[in-house]
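Have a look at the structure below, then the notes.
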DNA sequence: ACCTGAACACCGTTCAAGT
DNA sequence: ACCTGAACACCGTTCAAGT
């Protein structure tokens, strides 16, 4: 029955009014639609169908796919910032430990955010993002620096500590993610705590270098 | 002049004899061709043209693009293993420090190898690779473990040390690579040495926990 | 100013052969 | 057993409109 065609589905969608989509809706819809899909498999036409808009409407707000992914990275980052719990712990060691345990917990629970923020997948050769997002001006990190200084850790040392622990935690997330599908010989286990504790123990003598009782020498 | 067509370039290539390509040639050609191209921009048809073979010949040896990329990762890993210099240094601390400085130097100098091995880009959701390649049975690492034991570092502690330093170094490579295009506030600088030294200093008291003169308590 | 489908030059992959 | 071009269903992106 070729011409009867009860379901002539072509262009079933009605035209949307102006202002009925905006960048925020597109980004939110993309997070919803792609939460469990590896980034290589994303497709703008498919996203358009999911959002019930024409493909070209997405291109009105984001000139390329990379630009959309970059915007999603910014959004994931903002959400991550917001969800970081308040500082907790007594003394600089506990403050740092809890900060990076929270850091890890939030990103380990969200593969998409981890891919966007830590692995920075899908934004190749980019000038769209300004380098490592984690290291950028981050209000919560400023809070932490203030608290560390109040707890007696000099500013220079606090920066070293932050950078070292940030690098370690991101490396841990990366290795953890790689080992997900096929756990190999050396599995992470709960070694994150070991690594953090060890780094903190290494920092300790830098704060009080004359603790062994040998005088100021 | 529609029909004269002095340069009818269609199918200018002559048919290749059987056995004139093999997986190794394809992988080698891919490294040559793609050394400076972000992986998202790779194209099998273009690679075929570069290798002067039909597209389908590549698909005879690699059933999907992912399979080819996985094979390239294995190859990059083998080359990395080979290029790691011999162990050097006196005592476990120097052995570990030099090992991971070499580790970093080799991968920092080769973006493609770093993407394949450390970031594991282009092999999404894979069972093709067995988790983190770095952590897999690696002859040079076995050597290192033997040398560490000979230098007085207990096996259990050596494994912790290796894992922690491996995670840190990979995190460093990742952050370094992210910060490449647009250097942000906290730049790595030569902080790799700081981080490694700090981790080693943290490990030290685990080896000789009674060094402060307080007895075995 | 915003929304749209059809069109373009590709892509990964398969088909249906050729030798 | 290996090599092949043409074909298929897609993709990212642009064109040329519609309102």
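Structural remarks
- Subset of the stretch A:51-74 (residues that are surrounded by fewer than 18 Cβ atoms within 10 Å (Cβ to Cβ), more than 13 Å from DNA strand D (Cβ to nearest atom) and within 23 Å of the chain's Cα centre (by Cα)): A:74
- Boolean, residue B:39 is at pLDDT below 95 and within 12 Å of DNA strand C (Cβ to nearest atom): yes
- Count - residues of the stretch B:12-42 that are assigned to a helix (DSSP H, G or I) and either surrounded by 13 or more Cβ atoms within 10 Å (Cβ to Cβ) or within 14 Å of chain A (Cβ to nearest Cβ) (or both): 13
- Test result for residue B:76, within 14 Å of another protein chain (Cβ to nearest Cβ), farther than 26 Å from residue B:153 by Cβ and away from DNA strand C (no atom under 11 Å from the Cβ): no
- A single member of B:211, B:143 is at pLDDT 75 or above and assigned by TED's automatic domain parsing to the domain that holds residue B:99, and it is B:143.
- Candidates B:23, B:17, B:45 - the one that is without any contact (Cβ under 8 Å) to a residue 12 or more places away in the chain and more than 25 Å from residue A:65 (Cα to Cα): B:17
- Residue ID - surrounded by the fewest Cβ atoms within 10 Å (Cβ to Cβ), chosen from residues in the stretch A:167-176 that are more than 7 Å from every other protein chain (Cβ to nearest Cβ) and at pLDDT 95 or above: A:173
- For residue A:179, the stated conditions hold: it is surrounded by 15 or more Cβ atoms within 10 Å (Cβ to Cβ), at pLDDT below 95 and within 8 Å of chain B (Cβ to nearest Cβ).
- Filter pass, residue A:25 being more than 22 Å from residue A:120 (Cβ to Cβ), at pLDDT 95 or above and not assigned by TED's automatic domain parsing to the domain that holds residue A:117: yes
- Helices (runs of 4 or more DSSP H) fully within the stretch B:62-121 counting 2 or more residues that are not assigned by TED's automatic domain parsing to the domain that holds residue B:158: B:65-83
- Flag if residue A:89 is surrounded by fewer than 18 Cβ atoms within 10 Å (Cβ to Cβ) and within 16 Å of DNA strand C (Cβ to nearest atom): no
The values are calculated or read from the model by the stated rules, or taken from the named source; none is laboratory data. Everything numeric here is computed off the predicted structure, so don't read it as measured data. As a convention, Cβ positions derive from the backbone with ideal geometry for all residues, glycine included, and neighbour counts pool all protein chains shown.
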